[in-house]
Every structure is written in structure tokens, then in C-alpha cells.
1. Once you have the Cα-Cα distance between ASP293 and GLU167, take 0.36 nm times their residue separation minus that, and quote the gain in nm to one decimal.
2. Find how many whole Å separate the alpha carbon centroid of segment 131-157 from the alpha carbon centroid of segment 86-124.
3. Averaging over every viewing direction, what projected area does the convex hull of the Cα atoms of segment 1-128 cover, in nm²?
4. If packing is taken as the average number of other Cβ atoms within 10 Å across a peptide's residues, how do 124-132, 103-111 rank, most packed first?
5. For the pairs LYS52/LYS124; LYS123/LYS156; LYS124/LYS190; LYS156/LYS206; LYS156/LYS190, note any where the Cα-Cα span goes beyond 18 Å.
6. Can you list the HN-Hα couplings for segment 28-40, worked out from phi with the Karplus curve (6.51, -1.76, 1.60; θ = phi - 60°), rounded to whole Hz and with x for Gly and Pro?
7. Among DSSP beta bridges whose residues both lie in segment 18-120, state the antiparallel percentage, nearest 5.
8. Under 25 °C and 0.890 mPa s, how fast does segment 90-135 diffuse according to Stokes-Einstein, given a Kirkwood radius computed over C-alpha pairs? Answer in µm²/s, whole number.
Amino acid sequence: MALTEQEKYTYRYKDLSHPIEFLDAFRMFYLEGLFTDITLQCSPGVLFHCHKAVLAACSNYFKAMFTSDMKEKSKDQIHLSLFSPTILESLVLYTYTSEIQITKQNVQSLLQAADHLQFTSVKKACEQFLIRHLDLDNCLGMHSFAEFHVCSELEKESRRIILSRFEEVWRREEFLEISNKKLQFILSRKNLDIWKEEAMIEPIAKWIAYEVDSRIEYIYDLLRCLETDLDEIYLKSALSLYKKCQLKENKIRSLIRSVLGPKPRAVTKRSTTIMYVIGGYYWHPLSEVHIWDSVKNVWVRGTDMPEHTRESYAVTSLGPNIYVTGGYRTDNIEALDLMWIYNFETDEWTEGLPMLNREQEALSYYSLSICLH
């Protein structure tokens with residue numbers, strides 16, 4: 001029997017409030033102790049009566065526990081003694097409410113628990129909280145914390161602060177507590193922002209002097225990070241002599257200087273990339289110079305370029321200078337033989353000798369040029 005057009009009609013209904021109501025219902029079940037099938041205990045007398053399905057939905061740790069052949073699968077009570085009652089309660093309530101309160105006081109403990117119990121979204125939220133509160137006083141500790149708990153964004157941002165502002169970081173109290181491996185890691189980075197030898201010697205001497213007896217043996221490994229030729233025999237002899245007396249920071253500094261030689265070593269400037277954006281066009285040619293520092297991740301404004309009424313000029317760099325040559329005026333097509341030189345160490349423009357052949361006017365068809373140094 002054929003169906004009528006009215007009988008063929010179907011309507012697919014979706015209740016958008018259902019997920020919220022569903023979660024609210026389970027929250028009430030939890031608060032009233034209804035239908036619970038698992039109990040979590042973190043300390044004597046502190047019990048949380050929960051639902052396996054809810055825990056497994058929010059945590060891969062509990063999902064694996066309740067679905068694999070782990071001994072906890074058949075148990076009614078799970079002991080989680082690694083966590084404080086406050087932290088465990090926060091995570092349990094999160095599974096029933098989707099909300100959790102993160103503070104400066106609980107963020108590290110909360111991230112540790114979320115990492116262990118595999119509450120991925122909570123761990124990520126804690127990581128973002130810590131990134132927003134990074135500063136010179138805590139970046140070293142946060143870098144180690146991030147490495148241990150595999151927080152890639154926190155590790156990257158704390159490392160950026162350490163390397164770009166190391167001359168400020170090593171003067172903080174936290175610096176004295178870092179490990180030998182951590183200090184070697186920092187000193188050996190190619191993009192460590194240190195510009196003079198004094199800044200290389202001082203942190204090593206200060207760090208060793210803080211715990212001389214246990215740290216003096218690391219001095220050679222630390223000095224090797226400076227990428228200079230060391231007289232190993234002389235250094236070992238000097239260390240043997242210094243160990244017989246009470247080493248202080250100034251003596252360690254003198255030892256380092258003697259190893260480096262009678263003349264101060266000019267520390268090789270750490271490799272960085274500086275990008276210079278010159279000119280541009282916004283209804284008319286622009287004369288602006290914008291500078292991006294890849295280490296500090298900041299933009300700064302340089303001195304404006306003279307002769308800004310020209311366009312399609314060529315730009316190149318040599319040594320500490322950027323050369324802007326040729327081009328033509330905006331209001332005509334006459335080629336120019338001008339050359340202007342920008343010194344990025346002094347942030348100054350000077351006029352150079354005119355080109356011999358003005359017809360070699362431009363290597364670019366645009367009014368914006370980018371130069372990397």
C-alpha cells in the first residue's frame with residue numbers, strides 16, 4: 001500500500017538544551033548520591049561518590065582504568081593519595097559542572113593533578129593561566145615545571161623570556177637554585193641575548209659561589225659553553241689550588257678571567273635575526289622604518305627615511321648599514337641616482353655618493369622593502 005505524502009513527512013527534532021539539562025541532572029545525582037558506582041578517596045575519611053561514566057567521559061585516565069584489565073576495574077573504591085582533598089574535589093566538580101576555579105595558589109597543584117589524571121582541558125587552562133603570569137622572577141622555575149609536565153607553550157614562552165632577558169634573569173634569587181644542566185642549557189643557546197663578556201662571567205661565578213663545595217666541579221663544563229679555547233691542564237691545576245682555600249665569588253671570577261686569558265675575550269654576538277621594514281605605500285609613499293627583533297619578539301620604530309617621495313627603490317645590507325638606492329619620484333617616471341645609507345647601530349641616515357648609472361633604478365616594483373640582518 002503506497003504511503004500518502006503526509007505519511008512520508010518526517011521531522012528531525014533536536015533539543016539544544018538537552019546537553020545542559022543532562023549535565024545538570026548528573027550534577028544533582030552526584031550531590032544527592034544517586035546511582036553512584038565508584039568512590040574516590042584521597043585521604044582518610046575524605047570520600048567522593050561518583051559515576052564511572054562521568055569520570056571516564058572527562059578523563060582518559062579513568063576511562064582506561066574502568067575499561068582495561070586494571071585491578072581497579074572491579075573495585076568500588078579507588079585510592080588517590082597523591083592529591084589533596086581540595087584539588088580532587090575541584091576536578092570532580094568540574095566533571096559535573098564544566099567549571100573550575102584557577103588561582104595563583106592552586107594552579108600548579110591543579111595542573112599536576114590534571115596532568116596525572118589526564119584532564120586535558122583543565123591542564124591546558126592551567127598552562128594558559130601560568131603563561132599570563134610569567135615574569136622575570138618565576139620564568140626559570142616555570143621552564144623546569146613546563147618541561148616536567150610537557151607543557152609546550154609554557155616551555156616556549158618561559159624560554160623566550162630567559163634567553164631574551166638573561167642579564168636581568170640571572171640577578172634574581174631563583175637563578176641560584178637552578179641545576180647545572182639547566183645553566184649549561186641556557187649558556188649554550190645560540191640566541192642567548194648577551195652582548196659583553198662580563199655578562200657571561202658574572203652568572204657563572206655567582207651560581208658556583210652559592211654552593212661552592214658541590215658546584216665547583218662544574219666550572220669547566222660551564223666555561224665550555226662560552227665557545228672559547230680553554231687550557232684544560234691550567235684550569236684543573238688552578239681548581240686544585242683554589243679548592244684548598246675558601247672560595248668566594250670574587251675568587252671564582254678571577255679564576256674564570258685567568259682561564260679566559262689576560263685580554264678580555266670579545267664574546268661572539270649571539271645569532272639573532274633583525275628584520276627592517278622600510279617604506280610602504282598608503283595613498284602615497286611612506287618613509288617609515290619598522291624594526292622587528294626576533295629574540296625579544298617586539299617591534300620598534302626607527303628614524304624615518306629621507307627622500308620619502310620616491311618609490312621602487314632597491315634595498316640591500318652590508319655590515320652595519322642598509323643601502324637604499326635608485327627609484328623614481330612619485331609624480332614622474334624619471335630615474336633617480338640617489339643613495340641613502342641607514343646605520344642600524346646608530347639609527348641614523350646619511351646620504352651616499354650618487355650612482356654612476358641612474359638607469360639602474362630599481363630591483364623592486366613596490367614601495368616597501370624588507371631587509372634581514
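Values quoted throughout were computed directly from the atomic coordinates according to the rules given, and no laboratory measurement underlies them. Note that this is a predicted model, so its numbers are computed, not measured. Here the Cβ positions follow ideal geometry from the backbone for every residue, glycine too, while neighbour counts run over all protein chains shown.
1. Numbers: separation 126, 0.36 × 126 = 45.36 nm, distance 1.69 nm.
Net length gain for the segment: 43.7 nm.
2. Cα centres, segment 86-124 to segment 131-157: 18 Å.
3. Numbers: hull surface 50.3 nm².
So the Cα hull casts an average projection of 12.6 nm².
4. Numbers: 124-132: 17.8, 103-111: 15.9.
Final packing ranking: 124-132, 103-111.
5. On the way: LYS52/LYS124 23 Å; LYS123/LYS156 16 Å; LYS124/LYS190 29 Å; LYS156/LYS206 26 Å; LYS156/LYS190 15 Å.
Where the Cα-Cα span goes over 18 Å, the pairs concerned are LYS52/LYS124; LYS124/LYS190; LYS156/LYS206.
6. Rounded to whole hertz, the list is 5, 4, 5, 5, 9, x, 8, 6, 6, 9, 8, 10, 9.
7. Values: 5 of 8 bridges.
Counting DSSP beta bridges with both partners in segment 18-120, the antiparallel share is about 60 percent.
8. Working: Rh = 10.6 Å.
The Stokes-Einstein estimate is 232 µm²/s.
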